[in-house]
1. Looking at the chain, send over the antiparallel percent of its DSSP beta bridges, to the nearest 5.
2. Looking at the range 116-204, which trypsin sites (Lys or Arg not before Pro) are DSSP coil and have at most 13 other C-beta atoms within 10 Å of their C-beta?
3. If exposed GluC sites (Glu not before Pro) are those in a DSSP loop with at most 13 other Cβ within 10 Å, what is the longest stretch of the chain that has none?
4. Can you give the helix-only mean residue ellipticity at 222 nm for the chain, where every DSSP H stretch with n ≥ 4 adds -39500 (n - 2.57) and the sum goes over all residues, rounded to the nearest 500 deg cm²/dmol?
5. Neighbouring Cβ atoms within 10 Å as the yardstick, rank 49, 254 fewest first.
6. Order by neighbour count: 53, 126, 145, 248, fewest other Cβ atoms within 10 Å first, most last.
7. Give me 19, 14 sorted ascending by neighbouring Cβ count inside 10 Å, so fewest comes first.
8. Collect residues whose amide H, placed 1.01 Å from N in the peptide plane, falls under 5 Å from the amide H of residue 211; neighbours closer than 5 in sequence don't count.
Amino acid sequence: MRRAEPFETSDGTILNVDIAGEGAPAIFQHGLCGDAAQTDEVFPRESVYRRVTVEARGHGRSGAGNVERLSISAFCDDIAAYIEKNLAAPVVIGGISMGAAIALRLAVKRPDLVKALILARPAWLTASAPDNMAPNAEVGRLLKTLPPGEAKQAFLAGPVGVRLTAEAPDNLASLAGFFSRTPLDMTAELLIRISNDGPDVTDAEVGNLALPVLVIGHDRDSIHPLGHARALAAQIAGARLVQITPKTESRPQYVADFRLAVGNFLKEL
C-alpha cells in the first residue's frame, strides 16, 4: 500500500515523501520533471524493502521553495536531512536519471548514510551540463520564449526533434510531454537549471566508492546513453551492470526487467 507523508526542509520547503511496502527503507529517486509514479512503476512488488521516494523540490506534490535552490546538490541535501531525521542510517539509495545523479552524489559526499547504491539509466557521469541533457535544456528555453503550443511545434520540427524521432522515440515522447507539464514556468526553470547542473563529484571520488552498486541501462536512449551506464559500472570496483529492454521496444518488458534487476540486487544485500 502506498502512503504519503510531508517533510519540511531546513529552509521551510514542504516535500512530499511517497512510501510503498514494508521492511527496511530503500530511497529511490525519480528523474527530472518526474515524480514518485516513475519510481513506483519499476520498484519490485515483492521485496523485503520499502520504497521511499522524496519528491524533489518542484516535482510531484512537493513545494518548490526558492528557485535558486533548484539543484542536484540541494536535492541531495534534502534527502540527507530526511535520512538523518527519519531513518536509521546507512540505507540503500538509488534513482533513475536525475535520481541516479542525486544518489551518486549522496554516496560520495555522505558515505555514512549509504550502504548500497542503484544507478538506473544515468544521464550524468561527473561533469555538469552533459551534451545528452541539451534537449531538456532546449525544451526549457523554448518554454521561456514561446507560447507552449508554438514551443512544442518548434521543438518537434527542429533538428533535435527530428533526430530523436528516429533514434529514441521514448525520449521524444517524454520531452514532448514537458510542454504541457504544469506549472509551465517551474517546468522551464527545472529543465534549464538541472540540465546545466551535475552531481559535482570527481572521477577519483566515484572510483573510490566501496559499497555494493547496481547500474541499469539500455540502448535506444539518447538522454540516458548506455555508454554512461557502462562507464560508471567500469569505474566503480565490483559494480554490477544489467542491461534491460528499452521502453521503445516494450514498456511491459522494460518494467519487468527493471523490477527483476533491482529485486535480485536487494535480495543479496
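Bear in mind that the values in this text are calculations on the coordinates, not laboratory data. Bear in mind the structure is a predicted one, so any value in this text is a computation, not a measurement. Glycine also receives a Cβ, built like all others from the backbone with ideal geometry; neighbour counts cover every protein chain displayed.
1. Details: 11 of 33 bridges.
Taking every DSSP beta bridge with both residues in the chain, the antiparallel ones total about 35 percent.
2. Details: sites: 141, 144, 152, 163, 181, 193; in loops: 181.
Sites meeting the loop and neighbour criteria: none at all.
3. Details: sites that count: 22, 46, 249, 268.
Value returned for the longest uninterrupted segment is 47-248.
4. Details: 11 runs with 118 residues, N = 269.
One gets -13000 deg cm²/dmol as the mean residue ellipticity at 222 nm.
5. Working: 49 22, 254 19.
If I rank by nearby Cβ atoms, fewest first, I get 254, 49.
6. On the way: 53 30, 126 22, 145 11, 248 18.
Ordered by Cβ neighbours within 10 Å, fewest first: 145, 248, 126, 53.
7. Numbers: 19 18, 14 13.
With the sparsest Cβ surroundings first, the list reads 14, 19.
8. Those lying under 5 Å, H to H, from residue 211: there are none.
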